Amino acid sequence: MSELSSQSPALFEPLELGALRLPNRIVMAPMSRLRVGADLSPGALTARYYAQRASAGLIISESIMVAPYGDGYPALPAIWTPEQQQGWSRVVAAVHGEQGRIVAQLSTIGKARFDTDGKLPFGWAMGSPLTPQDLQLSDIVAMVTAFATAAAAAKACGFDGVEIHNGNGFLLDRFLRPGSNARSDQYGGPIENRLRLTLEIVDAAIAVWGPGRVGIRLSPSAPVNGAADPDGLATFGRLLEELDRRALSYIHLTRASPEDRQQGAGDGIALSQLRRHFSGKIIGAGEFDREGAASALADMQVDAVAFGRPFIANPDLPRRFALGAALHPVDPATFYSAGEHGYTDYPVAAV
C-alpha cells in the first residue's frame, strides 16, 4: 500500500449510497463537454470517454436535458428521443463493461433569456449567467412530468440511478432563493413554497426509481444576483431536512469555489454546517485535491468527494491517487472542442 493510501484509507474504502455500492469514494463529477451529435445523442466517442473513467467509485454523467430547450444554446445531450436513449444505453453498457457505475444527471434550462446580446459566449457551460423567464403553472407541471419521463428513460437505458441537477445557480436553484424567486403563487414567497418544485421533482424521480437510487446536486454557496445569499443556510437547512425524510441515495453538495467568491459568494456555507441537517450520505464537491478530500473524509464532513477537472486529464485518477503519482495537467482549450483531442486521448499512469 502506498504512503498516501495508508494515511488516508477512507478514499479507497467502499461505500454504500442507498442501493448503490461503490468500491471507492472518488466520484467523477458531472461536466458538460459538448460532444454530442446534431440529434443531441452521445456517440461512440462519449461511450469511450466514460468507460475510460470507470474506475471512479461512481460516475455522475454530464447534465442531460429532460426536454427541448430552444435554439441558440450549445449542443447539450438529451434523453427524450429513442435515438438519444440508444446513445445513452451504449454509454452505460461501456461503463458497465469496465465494471463501473454511472448515474444520469437530469437537468433543465427551462425558459430563459440571455443576459448578453443574445449570443452565448464560449465557455457558457461553465456558468455564464442566464436569466429565467417567468414560468406559467402549466410550464411547471410540464417540467415535473418531463423529469419523471426522463427518469424512466434513464432507467430503461440501464443507468444505476439518477441525480437531479438543482444547483449552480441554474433554473431550479433560483426557485429556492428569495433573492431570485419573486413569484407570488404556490412556488414563491414562504420557504415551503420555494422548496415545492425541487421536492416535486425529487418525488417524481423516487416514484420511478425508489429513494435508494436518487440523488440531488445542490449549491448552497452559489451567489445570488452577485452577492452571498443571506438566507442560504436557512433555505438549504430546511431543504436538507425535507430530503432526509425521503432517504435519498445521496446529496451532492458544492462548496464555495474561487469562481463563486469572485461572483460575490464570500466564504459560502461550510459543508460541516450543512451536515447537521442531513443524516444520509453526502458527496462533497468544489475543487478538492487528494489531500483535501482525505481531510474532509477524515473529519466526516462528507462520505465521498467528486473531482471534475482532474478526471478530465486523468482517466485513471483513483489509481494515480493510490500510487501517489503526479496528475497530468488539463488543457482548458479542449473542454468544449470537437473530437477526441482533450477528451479520450489523455494518458494513463505508467505501471
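Quick notes
- A cut-off under 13 angstrom between Cβ atoms defines the neighbours of E83, and their net charge, with Lys, Arg +1 and Asp, Glu -1, is 0.
- Restricting the GluC sites (Glu not before Pro) of the range 232-313 to loop positions (DSSP other than H, G, I, E, B) with no more than 14 neighbouring Cβ atoms within 10 Å leaves nothing.
- Shape call, the range 251-342: gyration tensor on alpha carbons, a/c limit 1.5: oblate
- The range 207-351 - percent of accessible surface contributed by carbon and sulfur, probe 1.4 Å: 52 percent
- Within the chain: Cβ-based charge dipole about Cα centre, in debye rounded to nearest 20 (Lys, Arg +1; Asp, Glu -1): 380 debye
- Its Cα gyration tensor gives the chain an equivalent ellipsoid, and the semi-axes of that ellipsoid, as √(5λ) in whole Å with the largest first, are 29, 24, 20.
- For the range 54-93: rounded, prolate or oblate by the Cα gyration tensor [a/c cutoff 1.5]: oblate
- Of the trypsin sites (Lys or Arg not before Pro) found in the range 239-309, the ones in coil according to DSSP and having at most 13 other Cβ atoms within 10 Å of their Cβ are R276.
- Net charge contributed by nearby residues that have their C-beta within less than 15 Å of A156 (K/R +1, D/E -1): +1
- Share antiparallel - DSSP beta bridges, the chain, percent rounded to 5: 20 percent
- Per-residue Karplus couplings for the range 268-283, computed as 6.51 cos²θ - 1.76 cosθ + 1.60 with θ equal to phi - 60°, are listed in order as x, 9, 5, 4, 5, 5, 6, 4, 5, 9, 9, 8, x, 7, 10, 9 Hz, Gly and Pro entered as x.
- Scaled against the 2.2 N^0.38 Å expected of a compact globular protein of N residues, the Cα radius of gyration of the range 204-283 reads 1.15.
- In this structure V144 has an accessible area near 30 Å², from a 1.4 Å probe over the protein heavy atoms.
- Rg and Dmax [Cα atoms of the range 141-180; Å; Rg one decimal, Dmax integer]: 12.5, 39
- Accessible area per residue, Å², the chain with all protein chains present, probe 1.4 Å: 41 Å²
- Membrane-span-like helices of the chain, defined as complete DSSP H segments with a Cα extent of 24 Å or more along the helix axis and a mean Kyte hydropathy of at least 0.0, are identified as 137-157.
The values are calculated or read from the model by the stated rules, or taken from the named source; none is laboratory data. If you're wondering where the values come from, they're calculated on a predicted model, not measured in any experiment. Reconstructed Cβ throughout: ideal geometry from the backbone, glycine too, with neighbour counts over all protein chains shown. These area figures cover heavy atoms from the full protein model, side chains too; ligands, DNA and RNA do not enter into them. Shrake-Rupley method; radii C 1.70, N 1.55, O 1.52, S 1.80 Å.
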